[in-house]
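The values are calculated or read from the model by the stated rules, or taken from the named source; none is laboratory data. Because the structure is a prediction, the values reported are computed rather than measured. All Cβ positions, even for glycine, are placed from backbone atoms using ideal geometry, and neighbour counts span all protein chains on display.
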Amino acid sequence: MYLIESKALRTWLYRRNTNNGGKEGAEIVGKEVAETVVKQELKQAGTEAVETIAKEESSKLWKVGLHEELRGTEVGLESHHIGQKKWMIDNIPGYDVMKAPAMLVPKIGHTTRGARGIVSRNTTGIANLRDLIARDIREMRRVYPNVPNEPLQKIIQMNKEMYPSFFKK
């Protein structure tokens, strides 16, 4: 048996698994169903998982704040640093990973490969913080095409307020 942690994936599985014996949420599925999800339909599951999470009123999807406040707040979502943590550590004196700007994103696309891959961690060719933030926003739009503009604008502003000297032209 396999435990499915993401509520959105459980919902997706429940809708497709007519032989689950009526088990609400399909939290535990057999090997055959799990392999089907992983091998045949993960791309569709990733897209539907994001849409399902977004429709839940209690969801904190796309919430912007400090990493320490966001991490671990909702199952299936992860705190994603924007700007990329490694570059920031190497280039911003006094950078604190826990007090850094972040956004809650679905695990699929962040640490688990989804239909559009995962957000890039490559920092080759990034010359300054403006370039890094722009790249991170492009990556968010590539991996999560339905991300609203408002949280992206909020995370940009948060970075500008926290690191103003790095945004001077």
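Filter the range 97-108 down to the residues that are touching a His at 6+ places or on another chain (Cβ under 8 Å) and part of a strand (DSSP E or B) and list them by number.
Hits for the range 97-108 are PRO101, ALA102, MET103, LEU104, VAL105.
Looking only at the range 120-169, count every residue that is closer than 30 Å to SER59 by Cα and small (Gly, Ala, Ser) and tell me the total.
Residues in the range 120-169 being closer than 30 Å to SER59 by Cα and small (Gly, Ala, Ser): 2 in total.
Out of curiosity, is ILE92 surrounded by 15 or more Cβ atoms within 10 Å (Cβ to Cβ), within 17 Å of PHE167 (Cα to Cα) and touching a residue at least 40 places away in the same chain (Cβ under 8 Å)?
When the stated conditions are applied, ILE92 passes them.
Which of the residues spanning the range 139-148 are in contact (Cβ under 8 Å) with a residue 12 or more places away in the chain and either out of contact with any Phe, Trp or Tyr (no Cβ under 8 Å at 6 or more places or on another chain) or part of a helix (DSSP H, G or I) (or both)?
Selection gives GLU139, MET140, ARG142, VAL143, TYR144, PRO145, ASN146.
Residues checked against (1) at pLDDT below 95; (2) outside any loop (DSSP other than H, G, I, E, B); (3) not polar (S, T, N, Q):
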position	(1), (2), (3)
HIS110	yes, no, yes
SER120	yes, no, no
ALA134	no, yes, yes
ILE137	no, yes, yes
GLU150	no, yes, yes
LYS160	no, yes, yes
SER165	yes, yes, no
LYS169	yes, no, yes
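Being more than 19 Å from MET88 (Cα to Cα) and either surrounded by fewer than 16 Cβ atoms within 10 Å (Cβ to Cβ) or not β-branched (Val, Ile, Thr) (or both) is the filter here; which residues of the range 119-152 pass it?
Correct list: ARG141, ARG142, TYR144, PRO145, ASN146, PRO148, ASN149, GLU150, PRO151.
Kindly check whether there is at least one residue in the range 88-96 that is assigned to a helix (DSSP H, G or I), under 17 Å from GLY65 (Cα atoms) and of a type in the set (D, E, K, R).
No.
Limited to the range 127-138, what total is found for residues that are among the aliphatic types (A, V, I, L, M) and touching a residue at least 40 places away in the same chain (Cβ under 8 Å)?
4
Please work out if ALA127 is among the hydrophobic types (A, V, I, L, M, F, W, C), assigned by TED's automatic domain parsing to the domain that holds GLY94 and over 27 Å from VAL75 (Cα atoms).
yes
Starting from the range 104-123, take each residue that is β-branched (Val, Ile, Thr) and list its partners that are in a strand (DSSP E or B), counting only C-beta distances under 7 angstrom and pairs at least six apart or across chains.
As it stands, the answer is VAL105/LEU77; VAL105/GLU78; VAL105/HIS80; ILE108/GLY114; THR111/GLU78; VAL119/HIS80, since those pairs meet every condition given.
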